[in-house]
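The values are calculated or read from the model by the stated rules, or taken from the named source; none is laboratory data. These numbers come from a predicted model, not from an experiment. Virtual Cβ from ideal backbone geometry, glycine too; neighbours counted across all protein chains shown.
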């Protein structure tokens, strides 16, 4: 691992973020940025921001350019849930779980996956 970036307490479900992370896992940074640029999902904005931060961190550590960097690891873990109550039938209350996630992207030097087969 050359560098990593983390975003914590994102107000998006980890399941939605993991769908996007599977697309960029193992790709080179320029290709991953191109893939994320085409994504319309709301979670894509968060993933792009963390990837950009990881690239900036690599530059801060003295690594020139992004051509030989690839996404070594991308993880979306569950954060704390916000619990809210909603009125239900017959005077009951139903718990609504508003999920959060912690997003971590690690970059490394190398080729990554050459072709994805898509």
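Return yes when residue 98 is surrounded by fewer than 16 Cβ atoms within 10 Å (Cβ to Cβ) and either more than 24 Å from residue 1 (Cβ to Cβ) or modelled with pLDDT of 95 or more (or both) and no when it is not. If you could, list the steps in order and put the result at the bottom.
Working: surrounded by fewer than 16 Cβ atoms within 10 Å (Cβ to Cβ): yes; either more than 24 Å from residue 1 (Cβ to Cβ) or modelled with pLDDT of 95 or more (or both): yes.
It is true that residue 98 is surrounded by fewer than 16 Cβ atoms within 10 Å (Cβ to Cβ) and either more than 24 Å from residue 1 (Cβ to Cβ) or modelled with pLDDT of 95 or more (or both).
Consider the range 80-105. How many of its residues are under 26 Å from residue 20 (Cβ atoms) and not in a strand (DSSP E or B)?
Total meeting the criteria: 4.
Are any residues in the range 21-59 without any contact (Cβ under 8 Å) to a residue 60 or more places away in the chain, out of contact with any strand residue (DSSP E or B) (no Cβ under 6 Å at 6 or more places or on another chain) and closer than 15 Å to residue 106 by Cα, and if so, which ones?
22, 23, 30, 33, 47, 48, 49, 52, 55, 56, 59
Of 77, 108, which residue is under 18 Å from residue 6 (Cα atoms), modelled with pLDDT under 95 and assigned to a strand (DSSP E or B)?
Working: 77 fails: modelled with pLDDT under 95.
Within the list 77, 108, the selection yields 108.
Could you tell me which of the residues 58, 41, 7 is buried (at least 17 other Cβ atoms within 10 Å of the Cβ) and within 13 Å of the chain's Cα centre (by Cα)?
Working: 58 fails: within 13 Å of the chain's Cα centre (by Cα); 41 fails: buried (at least 17 other Cβ atoms within 10 Å of the Cβ).
Within the list 58, 41, 7, the selection yields 7.
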